[in-house]
Amino acid sequence: NSVMTQFVVMNNVFDGAPEFDVMYDLKGTTEDRWVDPAPGKCLKDNNFADVTLYFDDDNARSLHRAISSDTRWLEKQGIMDYSLMCALAVAGQEAPGAAGKRYS
């Protein structure tokens, strides 16, 4: 009996992007989803708990469509794994981790 393993390989979506201050790998769960923050380290869901993102209507609809499309495809494939990679840049002069964070 052989087992077939399939891989999906994607481009680095951050390649060529403007510099960002923090990156999160969001899976929608809190189990084992905390890492100790360090410069350049990818954070997880529990690190993201105090962050609020605001979108204009067009960008919110676009993000919702993309996530819905991806999750429908994953469901059809019988795959239950999804990560949203989210890179944020601090807007203005506030340092990362400052109270009242605003991201662009």
| field | Meets criteria (farther than 28 Å from F7 by Cα, part of a helix (DSSP H, G or I) and among the hydrophobic types (A, V, I, L, M, F, W, C)) for A66 | value | no
| note | The residue that is most open to solvent (accessible area, probe 1.4 Å), considering only those in segment 28-51 that are in contact with a Leu (Cβ under 8 Å, 6 or more places away or on another chain) and more than 14 Å from C86 (Cα to Cα), is P37
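Consider V13 carefully, then state whether it is β-branched (V, I, T) and modelled with pLDDT of 90 or more.
no
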| message | Tally up the residues in segment 70-92 that are exposed (fewer than 11 other Cβ atoms within 10 Å of the Cβ) and touching a helix residue (DSSP H, G or I) at 6+ places or on another chain (Cβ under 8 Å), please. | response | 2
| field | Residue, farthest from D25 (Cα to Cα), within segment 69-88, restricted to residues that are among the aliphatic types (A, V, I, L, M) and either in a helix (DSSP H, G or I) or modelled with pLDDT of 85 or more (or both) | value | L74
| task | Residue by residue through segment 1-53, note down the ones that are closer than 14 Å to L88 by Cβ, part of a loop (DSSP other than H, G, I, E, B) and among the aromatic types (F, W, Y). | result | F14, F20
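The values are calculated or read from the model by the stated rules, or taken from the named source; none is laboratory data. Predicted model only: the values in this text are computed from it and were never measured. Note: ideal-geometry Cβ built from the backbone for every residue, glycine included; neighbour counts use all protein chains shown. Keep in mind that these areas ignore ligands, DNA and RNA; they rest on the heavy atoms of the full protein, side chains included. Shrake-Rupley method; radii C 1.70, N 1.55, O 1.52, S 1.80 Å.
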